[in-house]
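Following: one structure in structure tokens, then a few remarks.
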Amino acid sequence: MKIYEHKSYEEYVESQTKANKNKIKWVYAKEHAINKICEHKKEANFIICHGTRNGGEMRFFLKHFPNTYIIGSEISETADQFENTIQHDFSIPKEEWIGKADIVYSNSFDHSNVPKKTIETWRDQLNETGTIYLEYNEGQSVCQPADCLDASENEIRELIQNSGLTIVDNFRGSQGSAVLVCKRSS
């Protein structure tokens, strides 16, 4: 596992923001991947989507859960341009989300510069029956300023399992990525 080392936190945020703005209209998540998640988790009252850019995945979830509160986090100041999206670094705990989420979804884990802290933050956001759906594409994994985490799928699986989570299922998602279905370890 390699992690790009930024000179400062500000440089990390700057690189994430620049990438966000360059891809602002692009949605990585594909509707079929979100459909599979919704088939797997049939009920949800609170969903958190991390690294949402323009909120595409949130719109897909809303088709299945029209009465569910869905919030997205995006580190870039562009977050305020999109409904139910807040500017927030997904690796930093947010007190009001701890223990509340039925679903935590992200396809942006490769943007984490602190992967262990990030997965632990997401784990702590789950309620007792909550599930993390982490979409990760080893083939698109690189070590550069914006996509700063370069890891194999096996390394991601090991990190998850060493962070108090169990992978209970997996399936293929967008562009050949793996969707790792994670629950708190008992």
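Readers should treat all values here as calculations from the given coordinates under stated rules, not as data from a laboratory. Small disclaimer: the values here were computed from a predicted structure and weren't measured. Glycine also receives a Cβ, built like all others from the backbone with ideal geometry; neighbour counts cover every protein chain displayed.
Here are the numbers:
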{"read-out": "Table column - 3J(HN,Hα) (Hz), the range 100-115, Karplus curve with 6.51, -1.76, 1.60, x for Gly and Pro", "value": "10, 7, 7, 9, 10, 10, 7, 10, 10, 4, 5, 8, 6, 9, 9, x"}
{"read-out": "Spatial separation of Cα centroids for the range 80-137 and the range 140-181, in angstrom", "value": "14"}
{"read-out": "Residue-count net charge about K94 - beta-carbon cut-off 15 Å; Lys, Arg +1, Asp, Glu -1", "value": "-3"}
{"read-out": "DSSP beta bridges in the chain [antiparallel fraction, %, rounded to 5]", "value": "45"}
{"read-out": "Estimated 222 nm signal from helices in the chain, with DSSP H stretches of n ≥ 4 weighted -39500 (n - 2.57), rounded to 500", "value": "-8500 deg cm²/dmol"}
{"read-out": "Matching label, Cα extents along the principal axes in Å computed from the structure shown, candidates [x] 42, 36, 33; [y] 82, 58, 38; [z] 64, 37, 32", "value": "[x]"}
{"read-out": "Cβ-derived FRET efficiency at R0 22 Å, H40 paired with N84, nearest 0.05", "value": "0.50"}
{"read-out": "Length-normalised contact order for the range 1-152 - Cα pairs under 8 Å, 6+ apart - percent", "value": "27"}
